[in-house]
Structure formats: structure tokens, C-alpha cells
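This report concerns only the one structure given below.
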Amino acid sequence: MALLKGVLLSLCCFLSTSAQDAVTVNCGDDMITVGVELNFFGLPLDPNRLSLGSCPVSSVQESNRIAFFSYGKLDCRFMRMITSNISYMNNMVYEPTQRDGFYQTPFVAPVLCIYNKPSAWLPPVFSPALGDAAGMGKLEFSMKIMNDDFSAPRVSNLFFLGSPIQISASVNPQSHMPLILYMEECLAASTAELSASSQTYPLITNHGCFVDGRTANSRFLPRIQTSEIRVSIQAFKFTQDDSAVFIHCQILAWDPAQLQDPTKKACSFNMQTKNWELLDNPDQSTSVCGCCNSVCTARRRRDTDDGLRRTAVLGPLRIASREQSTNCDDPLDQDEDLSLALLLIVATLLVMAVLGALSLGYYFCVWKSGRAGPKTNYDLLVSPQKS
């Protein structure tokens, strides 16, 4: 029995060690391509059981029996780490089913791409504002986390897994020309200020492509006015621990007369149709949002010099599972419970006061009527007789 356990353990270790040998990684400027040999040391692999982060296999080359993943650096939940270089990390995972038999074992192969960081590089979300745009003057930007119906800012910073995080960004044009507002870039981070130690996850990239909508119920919401943009982000477990989450966004004020530009857009991903949809003009979805699968660039050179950008940070947010709700109650719910308890106490005191007043009034009337009325036979018997 011990010998059998040793053989199985050695086989598992051998497969885990050799998994990396069956995987090749090509780090392109915009795309990362991962190839996996499907004849893994004579054991056929099912490409449907392979995944790269949150992404399935892109294609299979039947002649060489190789499965390929071809995705952008901001897809598949790649983790970006910024040090002296820029690293993108992920895991290629194979998970066989029980029907595959004992001869197949799950394995994980790390995927790593390292790029040189330019000396003047800054995260896109922290690009400095361009200054006052021509004809726009001084503008006031704001970004807030709202309650579910957007009627007021949300009081609590606690969200449960899968629940919507509703965010509103707006610009006050004051007496200036009408404006339309976009969210160009948004990412979730483990810190309020981005640094080499920050863990980041992209939400909106590529000038308004809501990439988180590919794997979650996250999207742009219908506009109420052009100077405001609303988004809904499905809460997810960003870090392994219960660390706070911060949302960094870059927002852009733009002339609404100059639309149909791939760098000025709000595109959500429809998981049912697998297509990108333009928020403000769905008929233009293909021509404007089509670049969300590659790189979006301006059609005219001068378009890159217009508009006014600002950055904003929301947080800290706390993301918890429903099982943690008993140990980690929502402060908003606590306030509601406290208000209800106080209301019950006040109502009880008011009822007691009314009943007390009625009781005193009743006894006062009875006592007064007894003093003014005739004496009873009992009173005559015990009253002292006059001499």
C-alpha cells in the first residue's frame, strides 16, 4: 500500500513538473498567446477542460494537436504587477472530469509576461489632467457610490459578493457649453494610491470598453443626462484576504457634437450575444465598439488634444460573502435596526404617558366627587359625634 502511494505521488509530481514543458508563451505588444500540447506525454487532453484565468481556449490546431489562447493583456483576469518592469501573470489550468479516469490529473502552469517600463510611465488612470479645455472653462467633476436607485449617495461601504456597486460620475458645466461625460479607464486596486505593491484588476479599459462585463454582470447604465454617466459593477473577491478595495477611474468631458469616435465611447459587453454595445447610439456599436477586441485609436489627430480629463478614487470598499453577514453586519442595516428600536421605545413611552395621564385624571375626578358628595353610612358610623 505504501509502495502504491509512493508511485502515485511520484506520478503527480512528475506531471506537475512537466506541465510547464507542455506550455509555450508568446508575449506580444498587445496580445498574449499561450499554446498547450494536447498530447501530454501520450495522454490526450480535452481542450474544453483547459482555461487561462477566466478565458477558454481560442482555437485548436488539429494537425499538431495544440490548443491556443490568444487574448489581450487586460483580458482573462491577468494580474498586473508594476516594479522596475511591468509583469502580467496568470495561470493555465487543466481540470479533468471524473470520467477521464485515474490517468489524468489536474495541473497548473504559470503564465508570465514581462515588459520594459518606460522611464516616464504612469498608470493610465493617473494621467494628469490636460488643463482647461477651449470653450469649457472651469469644470466641477464628482464621482460617488450611490444606492440602488441612484436617489442618494450610499451610506455603507460594505457590499456582498455578486451585489451591484452603483457608481455615478458627473460634471457640472455651469454656464458653459453642453458636455457629455465618459469613463475612459477604471480599475480596482488594493491601495488608494497605485504603486509597485498594488494589486490591480481592470474594469474599464481601451477608452471606454467595459471589459469586466465579459465575465460579470457589469455594464454602463442608461443615461439620465449627458453630463452624467452611471455604471454598475458586480462585486467580486478582489484579494485573497479581506483587504479594502479602491476604484480608480479616469473620466473625460467631451463635446457631444463630436461623437462616433472610438476613443470617445461607452461600450458594454452583452454576454448573451457576445457583442459590444454602444451606450449612446446602439446602431453605431459595430463601427465604434469593434476596436474593444484590439486597440482603440482616434480617427483624427486633433481629437486627442481636446476634452478635459480628471481622475477620481472611491473607497475603501469592503467585499464580503453572505456567510460573513452575521459577523460583519452592514452599518446601514445597523442604523436601520437602531432607528426601529428607538421608534419602538418612543412609541411605548408615549402610550405609557397617555395611559398614565388618563389614570390620574380618572382618580382625581373620583376623589373630588367623593369630597363634595354626601357621606356614606360607613362615614356616619365612624365620624366623631359632636357634643
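The values are calculated or read from the model by the stated rules, or taken from the named source; none is laboratory data. Everything numeric in this text was worked out from a predicted model, so none of it was measured. Neighbour counts run over all protein chains shown; Cβ positions are idealised from the backbone, glycine included. We work out accessible area using only protein heavy atoms, side chains counted, and drop any ligands, DNA or RNA first. Shrake-Rupley method; radii C 1.70, N 1.55, O 1.52, S 1.80 Å.
Assorted remarks:
- Tabulated pairs, segment 208-229, first more than 21 Å from F141 (Cβ to Cβ) and open to solvent by less than 10 Å² (accessible area, probe 1.4 Å), second of a type in the set (V, I, T) and part of a strand (DSSP E or B), C-beta under 6 angstrom, 6+ apart or interchain: S218/I233
- Annotation: V36 fulfils all but one of (1) more than 30 Å from the chain's Cα centre (by Cα); (2) modelled with pLDDT under 85; (3) under 14 Å from A109 (Cα atoms); (4) surrounded by 14 or more Cβ atoms within 10 Å (Cβ to Cβ); the unmet one is (2).
- For segment 47-59, a residue qualifies if it is more than 29 Å from the chain's Cα centre (by Cα) and buried (at least 16 other Cβ atoms within 10 Å of the Cβ), and exactly one does: P47.
- Residue ranges of strands (runs of 3 or more DSSP E) in segment 133-193 with at least 3 members farther than 27 Å from D75 by Cα, out of contact with any Ser or Thr (no Cβ under 8 Å at 6 or more places or on another chain) and modelled with pLDDT of 90 or more: none
- Selection of segment 43-60 for residues being of a type in the set (S, T, N, Q) and part of a helix (DSSP H, G or I) yields only N48.
- Any hit, segment 291-303, residues being open to solvent by 50 Å² or more (accessible area, probe 1.4 Å), touching a helix residue (DSSP H, G or I) at 6+ places or on another chain (Cβ under 8 Å) and either modelled with pLDDT of 50 or more or of a type in the set (K, R) (or both): yes
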